[in-house]
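A.B. asks: Before we start, here is the structure in question, set down as structure tokens.
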Amino acid sequence: MTSIYRAAPMSRKNEERHCAFLLNGSLWVAWTRKYLLKDSSYWDANEKKGSWVWRKLLKLRPIAYDCIRYEIRNGEAVYFWFDNWLEMGKLLDITGMLGINYLGVSII
């Protein structure tokens, strides 16, 4: 059965608002972290899980990536290889899998 309703295309401004919603401290964000993200991050979450809204937000990762920078601090809340904490981008994108082997830092 197909739906007669179609979602209107989103403007760049609306896409940025959806990305910003992920950073909000709402009940939805808390639920998403507990049940959809679990031990992973937004950047490596499964695109086949969750509602259509969640899947749409996951498709907006390239836009969100440009808007977010992490501070390392004590390192407990940052994924060394996957999070965008360098000015040049994700460390894994820069070094590739060889970087993991050379540095000897676990990917997990």
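A.B. asks: Take the residues in the range 1-37 that are under 21 Å from ASN84 (Cα atoms) and in a loop (DSSP other than H, G, I, E, B), then tell me which one is modelled with the lowest pLDDT.
C.D. replies: ASN24
A.B. asks: Now, a different point. Which of the residues spanning the range 69-82 are out of contact with any helix residue (DSSP H, G or I) (no Cβ under 7 Å at 6 or more places or on another chain) and either in contact (Cβ under 8 Å) with a residue 24 or more places away in the chain or small (Gly, Ala, Ser) (or both)?
C.D. replies: Passing the criteria: GLY75, ALA77, TYR79.
A.B. asks: Another question, if that's okay. Give the residues of the range 79-98 that are surrounded by fewer than 16 Cβ atoms within 10 Å (Cβ to Cβ) and either of a type outside the set (A, V, I, L, M, F, W, C) or assigned by the TED database to the domain that holds ASP44 (or both), sorted by residue number.
C.D. replies: GLU87, GLY89, ASP93, THR95, GLY96
A.B. asks: Here's a follow-up. Would you confirm whether or not the range 38-51 contains a residue that is assigned to a helix (DSSP H, G or I) and modelled with pLDDT of 85 or more?
C.D. replies: Checked the range 38-51: no residue is assigned to a helix (DSSP H, G or I) and modelled with pLDDT of 85 or more.
The values are calculated or read from the model by the stated rules, or taken from the named source; none is laboratory data. The structure displayed is predicted, hence computed values, not measured ones. Methodologically, a virtual Cβ is constructed for each residue, glycine included, from the backbone with ideal geometry; neighbour enumeration extends over all protein chains shown.
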